[in-house]
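J.: Would you mind keeping the following structure in view while I ask a few things?
The values are calculated or read from the model by the stated rules, or taken from the named source; none is laboratory data. Here the structure is a predicted model, which is why all the values come from computation and not from measurement. Cβ placement follows ideal geometry from the backbone for every residue including glycine, while neighbour counts extend to all protein chains displayed.
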Amino acid sequence: MALKVISLDPNANVAYLRGDKSPQELKDAGFFGFDYSIRNVKKNPHWIKEAQDLNMTVNVWTVNEEEDMKWLLDQNVDFITTDEPEKLFSLIK
């Protein structure tokens with residue numbers, strides 16, 4: 001479905017969710033960024049920088065552990081999805 005959206009509107013901001021493709025593969029397919037679980041990002045931490053170097057967005061979900069939040073903030077990811085927003089906001093301040 002996502003590739004259909006990209007083919008209909010190449011300017012659509014579509015992020016990939018499955019966590020099984022590198023940022024370069026996603027960029028080549030026309031994706032705007034990735035939206036991967038913390039588990040997938042921890043398996044492939046180099047994907048954060050790779051995506052950033054390709055001017056792609058990086059969103060990580062569902063991040064509820066403070067240690068993971070701090071790590072992602074240090075990596076300057078674009079978005080963090082969490083069930084613990086108060087904890088994340090306290091770290092950002």
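J.: Taking region 63-93 as the region of interest, how many residues are in contact (Cβ under 8 Å) with a residue 40 or more places away in the chain and of a type in the set (Asp, Glu)?
T.: Number of matching residues: 1.
J.: Could you count how many residues in region 1-43 are part of a helix (DSSP H, G or I) and either modelled with pLDDT of 95 or more or not hydroxyl-bearing (Ser, Thr, Tyr) (or both)?
T.: Selection size over region 1-43: 19.
J.: Among the residues of region 18-38 satisfying the criterion of being of a type in the set (A, V, I, L, M, F, W, C) and touching a Ser or Thr at 6+ places or on another chain (Cβ under 9 Å), which is nearest to residue 63 (Cα to Cα)?
T.: 38
J.: Still on this structure, please answer the following. Can you pull out every residue in region 27-43 that is buried (at least 16 other Cβ atoms within 10 Å of the Cβ) and within 18 Å of residue 81 (Cβ to Cβ)?
T.: 31, 32, 33, 34, 35, 36, 37, 38, 40, 41
J.: Among the residues of region 47-79 satisfying the criterion of being in a helix (DSSP H, G or I) and of a type in the set (Phe, Trp, Tyr), which is surrounded by the most Cβ atoms within 10 Å (Cβ to Cβ)?
T.: So, considering only residues that are in a helix (DSSP H, G or I) and of a type in the set (Phe, Trp, Tyr), the one surrounded by the most Cβ atoms within 10 Å (Cβ to Cβ) is 47.
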